[in-house]
Amino acid sequence: MASKTSVSGAFLLFINLNEVSVIGKVFGMKIVEDIKEMQGLAESLRKQGKKIAFVPTMGYLHEGHLSLMRYGREIADVLVTSIYVNPAQFAPGEDFEEYPRDFERDVRLSEKVGVDIIFTTTDEQMYPERYQTYVEVKEVTKNLCGRSRPVFFRGVATVVTKLFNIVKPHVAIFGEKDYQQLITIQRMVSDLNYDIEIIGRPIVREPDGLAMSSRNAYLSVDERKSALSLSRSLKIAQEMVQAGETSSSKIIERVCHEITSEPYTKIDYVQICHPQTLVDVDDISGGGVLALAVWVGKTRLIDNCMLKEVGE
Ligand code: AMP
């Protein structure tokens, strides 16, 4: 039996005429590129009563991704991750081409944390000629990143829908680093009656506070120093709240000041929103999440923190 306690969490897959049986020996990880093969595997595992956890990623893995995988390893029998840079969530002129990729390294890291199956595929399979179906989550995608990246959430909701239909997970795990994305997926799963549990996990940071991101690889040494103003400003905001401040505009003003005092930074947005609707709030008494997107040189970074939970 595949078990959470097996070394590296991996197990041997025995494939015979599309029938998959888990025979309970540690044997490494499987890489699946074909959509139909992944669907067949998922179906077999489900029939065997295995609980499937899924962590979708765009690769170039870091500790943030790995923390989601470790969590998935703990709560399920089979851990699937996808590594796919989804063109549908990049607008023309964004960094689709330059997005960092290192599949071999990703494979090594995934195996280390006990991933059982990596699903990785091609644009031709995901978006073949005459492809024309997209998923749109209307309201929670309007604000924040939805303003500056108009096709982003449509691309995310579409690819996650497709991946859910391919991997057939019982539970899918997302990082709170992409807070609006997490809320969007939760909304979509609820609206479309997906029988999948969505779990959000905390942001993993570098020791100096910078939120881990594949895009941090773009930063020069000096830009990286400036980028620390993002997490620093979130801390200042949390301290203001602890000291009794509830006015969004006062908090935002202080956050902006902290960020713009560094070279190379250009604010895309600094906003405080209702944690579920993501509509701006003037006062955080009823709940507030502080979200920011900042250009540091040519790199756009996002970060966020909860200032006050709803009903807290
Ligand atoms: P990405 O590869 O950037 O699309 O991210 C894949 C998943 O990893 C998403 O659910 C992200 O929210 C999550 N993630 C990315 N960075 C972090 C981080 N620093 N801490 C926690 N989760 C993260």
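Quick note: the coordinates plus some simple rules give every number you see, no bench work behind them. No experiment lies behind these values; they were computed from the predicted model shown. Using ideal geometry, Cβ is built from the backbone for each residue, glycine included, and neighbour counts are taken over all protein chains shown.
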According to a simple spin-label model (label point 7 Å from Cα along Cα-to-Cβ), what is the distance in nm between GLU253 and ALA91?
-> 3.0
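Can you give the relative contact order of segment 207-312 as a percent, counting alpha carbon pairs under 8 Å and 6+ residues apart?
26
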Using a cut-off of 28 Å between alpha-carbon atoms, which lysines can reach LYS51, once sequence neighbours fewer than 8 places away in the same chain are excluded?
-> LYS4, LYS25, LYS30, LYS36, LYS112, LYS162, LYS168, LYS177
Relative contact order (%) - the chain, alpha-carbon pairs under 8 angstrom, separation at least six | 15
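Going by the alpha-carbon gyration tensor, a ≥ b ≥ c the square roots of its eigenvalues, is segment 164-296 rounded (a/c under 1.5) or, if a/c is not under 1.5, prolate (a/b greater than b/c) versus oblate?
oblate
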Show the residues, 5+ positions off or on another chain, whose built amide H is closer than 5 Å to the amide H of LEU301.
-> VAL294, TRP295, VAL296
Percent of all Cα-Cα pairs per 20 Å bin for the chain, counting from 0 up to the last occupied bin, reads 31, 56, 13, 0
Just report the Cα centroid separation between segment 56-115 and segment 136-189, whole Å.
-> 16
